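The structure under discussion appears below in the form of structure tokens.
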Amino acid sequence: MTFYKTPYTPTLQRPFWLEQSLFTDGGLAPALQGEQTADVCIVGGGYTGLWTAILTKQQNPALDIAVLEADLCGAGASGRNGGCLLTWAAKFFTLRRLFGEAEAIRLVKASEAAVQHIADFCRTHAIDAELRHDGTLYTATNRAQVGTLDPVMAALQACGIESFFALAPSEVARRSGSVKNVAGVFSPHAATVQPAKLVRGLRRVALQMGIRLFERSPMLALSPAQPVIVHTPGGSLTAGKLVLATNAWMASMFASFERSIAIVSSDMVITEPCPELILPSGLTDGVSVLDSRTFVYYYRSTPDGRLMLGKGGNTFAFGGQIAPTYDQRSAYEAPLTRAVRAFFPSLAQVPITASWTGPSDRSVTGFPFFGHLNGAPHIYYGFGYSGSGVGPCYMGGQILSSLLLDQDNAWTRSPLTQGPRGQFPPEPIRYLGANLVRNAIRRKERAEDEDRAPWRVDQFLSQFANAAGKADKA
């Protein structure tokens, strides 16, 4: 039996998105009590776990599926991200290098299709996730960023994939709502959502399908023999198959994954409603805007006229442990607020309603990975979305449901199912190195913003994080 040092402690401060969406979907599910059984147990009630449960149940309605969630569905990354539903097109070069051209093309197309699948699912099941299928703008905010995606665009077009369209600088500024964006390209294959409303909507649909859901039921111990037994504070669940879908928490639960991911924060702020100021700027729909930094600034408006802005790559965890700071108001609220006002000077006097943060499970490649835990054929896992999981988690559900159902298809044959590719250095090298590289990137990008040459040492160190960026290098 394997025990985990992950005692459940309620989150005292709910992220803004989750506060907006709680208790609109039937209240809380019960905690697991006593000895229970199921055909399939899924640990983790976020996007990956719920999509896996739903897609599996759709294909085999007779299966008894139970989902265990340590807190409330959506309390993790699924309910506190920026709501940018993006694809893998911008990372085509990395996909091609890792998996070959044919699989890279398939995965790009699948990631674009996932956006439409999610939109269709919300429409079919009346999930009001504030989903707006208005595309995304990848922009440049200084001369050094101009043309970042041009090689990727050309390579995709050569493969017959029209993922991006070049726009005139004036059109980029107009559609993004900010003259700070001096160039860019547009992709129609993207959307924005209120992320917690999406995950709570999935929760509702899962319950309606007969999937059993137990909230406030953290896994404290696991007996991995078949059938598996998952122990929680109130009881146990015995199942023939198990899926582990706890994402950033996997590193602290399983020593074998401690070096497979690095835990890094993504931090966000959101303004009070101010549609009278946002709409005249030109930001009139649900387009998301991402600049071309390594750790991007990303922003979008909300249907009620707020401006949300976030930035990744701020706080790194030591040893894969989820520190309390990830459940608190963002320590980067002040610089993020300054960024809001740099992009939108007209919002200088608009108050910030809230700030929040959350842990992102950054893999070595920047892509998630899937497999069998310690080779056990009945225990599956999938995580490592690296800060871009709203759309790809649907693909994760396709992979894990295919594995659960013992299917032979493109998903079960994908190299994504072969576990993590590479490891980060051990601690304390990983922690010290991550902060060293992050600070070098900050200095380099500050120099580029000021239109001066960065230090060579900062350029050198920044190369170690290229894969963490939004766009690839050829």
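Taken together, the values in this text are just the output of simple stated rules run on the coordinates, not laboratory data. The structure presented is a predicted model; accordingly, all values stated were derived computationally and were not measured. Note that each Cβ is placed from the backbone with ideal geometry, even for glycine, and that neighbours are counted across all protein chains shown.
Can you give the FRET efficiency to the nearest 0.05 for R143 and A410, using r as the Cβ-Cβ distance and R₀ = 45 Å? If you can, show how the numbers build up before the last one.
On the way: r = 41 Å, r/R0 = 0.92.
Plugging the Cβ-Cβ distance into 1/(1 + (r/R0)^6) gives 0.60.
Using the Cα centre of the chain as origin and beta-carbon charges of +1 (Lys, Arg) and -1 (Asp, Glu), tell me which of L50, L290, W455 is placed farthest towards the positive end of the dipole.
Farthest along the dipole direction, towards plus: W455.
Among G82, S401, I127, flag the residue with its Cα farthest along the positive direction of the charge dipole of the chain, charges on Cβ as +1 for Lys/Arg and -1 for Asp/Glu.
G82
Distance between the C-alpha centers of the stretch 78-92 and the stretch 243-280? Whole Å please.
Cα centroid to Cα centroid, the span is 11 Å.
What percent of all Cα-Cα pairs in the stretch 429-468 falls into each 5 Å bin, going from 0 up to the bin containing the maximum distance?
Result, from short to long distances: 6, 28, 31, 23, 9, 3, 1 percent.
Could you line up E35, E445, E101 from fewest to most neighbouring Cβ atoms inside 10 Å? Mind showing how you got there, number by number?
Working: E35 10, E445 22, E101 13.
Least to most surrounded, the residues fall as E35, E101, E445.
Return a whole-number percent for the relative contact order of the stretch 429-468, with Cα pairs under 8 Å and 6 or more residues apart as the contact set. Write out the running numbers ahead of the final one.
Working: 26 pairs, mean separation 17.2, N = 40.
Relative contact order here is 43 percent.
Which value, to two decimals, describes the C-alpha radius of gyration of the stretch 344-474 once divided by 2.2 N^0.38 Å? Let's see the in-between values first.
Working: Rg = 19.5 Å, N = 131, 2.2 N^0.38 = 14.0 Å.
It is 1.39.
For helix 392-404, what angle does its Cα long axis make with the longest principal axis of the chain, in degrees from 0 to 90 and rounded to 10?
It is inclined by approximately 20 degrees.
Rounded, prolate or oblate: pick one for the stretch 87-148, where a ≥ b ≥ c are the square roots of the eigenvalues of its C-alpha gyration tensor, a/c under 1.5 means rounded, and failing that, prolate if a/b is larger than b/c, else oblate. Walk me through the intermediate numbers first.
On the way: a/c = 4.66, a/b = 1.35, b/c = 3.44.
It comes out oblate by the Cα gyration axes.
Relative contact order of the chain: what whole-number percent is it, with Cα pairs under 8 angstrom and at least 6 residues apart?
Numbers: 1073 pairs, mean separation 104.8, N = 474.
Relative contact order, the chain: 22 percent.
With a sphere of radius 12 Å drawn around the Cβ of P345, what net charge do the other residues whose Cβ falls strictly inside it have (Lys, Arg +1; Asp, Glu -1)?
Working: positive: K180, R338, R341; negative: none.
That works out to +3.
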